[in-house]
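First up is the structure itself, then whatever we jot down about it.
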Amino acid sequence: MITKKDQPYGSPLDAVAISHHILGAILEEGDFAVDATAGNGLDTVFLAKVVGEEGQVWAFDLQEEALHKAEANLVIEAMRSRTTLRCKDHALFAEDLPEDMKGRIGAFLFNLGYLPGGDKEVTTTQVTTLAAFRQALEWIRLGGVVVVVLYPGHPEGAREKEVLLKEVSALPVKSWQCFHACSPLSHRKNPPEVLALRRRK
Ligand SMILES: C[S@@+](CC[C@H](N)C(=O)[O-])C[C@H]1O[C@@H](n2cnc3c(N)ncnc32)[C@H](O)[C@@H]1O
């Protein structure tokens, strides 16, 4: 059960909050989870709380600056011991994750875009996002979920949305349950969206 205090993002209809609702409903205590874009670590903290003391979260980011912030937040929240941080392109996550975690991961989260408050030029890109997403589908366990928060309001974010939706539309329905949410009445042009895929076979 996700409560208000677990939600650092304000409105429960915010795209990141919705991604957390999905993750919180599917992840179980003791699960493995991967945060593919650690950033300031707010999502990593959330995942670490949900998987509990027996669970493990691996978090990746290209930027040392981001990982320092993520680590500080994990320490404040007493979640550091159940997390592993890697300064690495998420397209290469398979190099680091233990091989025996393949097919046993409860959730992957891709909160795309750039580091809030950081360099807007360092953003996720369609090529590496698609490569990482494809591998995530191979590593997820039965019943597990791959969740992506998309930001189509900036040019690379729009391209990421396009390639991911194309990729998802070609997946077999018998193996994957798909959910895609956007906010048509937002005051923002091209507001964030949520894409989630649950492995059912
Ligand atoms: C929107 S932020 C993530 C927010 C974060 N989850 C949080 O809770 O604060 C996106 C992050 O993705 C990182 N990033 C960009 N390209 C990446 C890549 N190829 N692999 C891993 N991280 C990447 C950026 O450095 C940035 O910190």
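The values are calculated or read from the model by the stated rules, or taken from the named source; none is laboratory data. Note that the coordinates shown come from a computational prediction; the quantities given were computed from them, not determined experimentally. Note that each Cβ is placed from the backbone with ideal geometry, even for glycine, and that neighbours are counted across all protein chains shown.
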Counted residues, the stretch 139-177 - those being of a type in the set (Val, Ile, Thr), in contact with a Lys or Arg (Cβ under 7 Å, 6 or more places away or on another chain) and within 14 Å of the ligand (Cβ to nearest atom): 0
Matching residues, the stretch 105-124, being in a loop (DSSP other than H, G, I, E, B) and either loosely packed, with under 15 Cβ neighbours inside 10 Å or aliphatic (A, V, I, L, M) (or both): Leu112, Leu115, Pro116, Gly117, Asp119, Lys120, Glu121, Val122
The lone exception for Asp89 - which of (1) surrounded by 23 or more Cβ atoms within 10 Å (Cβ to Cβ); (2) touching a Leu at 6+ places or on another chain (Cβ under 7 Å) it fails: (1)
Phe133 surrounded by 17 or more Cβ atoms within 10 Å (Cβ to Cβ), of a type in the set (Phe, Trp, Tyr), within 14 Å of the ligand (Cβ to nearest atom) and in a helix (DSSP H, G or I): yes
Any hit, the stretch 28-43, residues being closer than 25 Å to Pro191 by Cα and without any contact (Cβ under 8 Å) to a residue 40 or more places away in the chain: yes
Flag for Asp89 being of a type in the set (Asp, Glu) and near the ligand (Cβ under 6 Å from one of its atoms): yes
Odd one out for Gln7 among (1) modelled with pLDDT of 95 or more; (2) within 24 Å of Pro191 (Cα to Cα); (3) within 13 Å of the ligand (Cβ to nearest atom): (1)
Residue count for the stretch 132-144, restricted to those that are of a type in the set (A, V, I, L, M, F, W, C) and under 12 Å from Ala36 (Cα atoms): 3
Residue list for the stretch 71-96, restricted to those being in contact with a helix residue (DSSP H, G or I) (Cβ under 9 Å, 6 or more places away or on another chain), more than 17 Å from Val51 (Cα to Cα) and part of a loop (DSSP other than H, G, I, E, B): Lys88, Asp89
Residue that is farthest from Arg141 (Cα to Cα), among those in the stretch 168-191 that are out of contact with any Asp or Glu (no Cβ under 7 Å at 6 or more places or on another chain) and among the aliphatic types (A, V, I, L, M): Leu185
Verdict on Val57 being at pLDDT 95 or above, buried (at least 20 other Cβ atoms within 10 Å of the Cβ) and farther than 23 Å from Gln126 by Cβ: yes
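Table: residues versus (1) small (Gly, Ala, Ser); (2) surrounded by 15 or more Cβ atoms within 10 Å (Cβ to Cβ).
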site: Leu137; (1), (2): no, yes
site: Ile140; (1), (2): no, yes
site: Gly143; (1), (2): yes, no
site: Lys161; (1), (2): no, yes
site: Lys166; (1), (2): no, no
site: Ser169; (1), (2): yes, no
Residue that is surrounded by the fewest Cβ atoms within 10 Å (Cβ to Cβ) [pool: residues in the stretch 60-81 that are of a type in the set (S, T, N, Q) and within 13 Å of the ligand (Cβ to nearest atom)]: Gln63
Count of residues meeting criterion [small (Gly, Ala, Ser) and surrounded by fewer than 22 Cβ atoms within 10 Å (Cβ to Cβ)] in the stretch 21-54: 4
Test: residue in the stretch 57-76 that is hydrophobic (A, V, I, L, M, F, W, C), within 20 Å of Val145 (Cα to Cα) and without any contact (Cβ under 8 Å) to a residue 12 or more places away in the chain: no
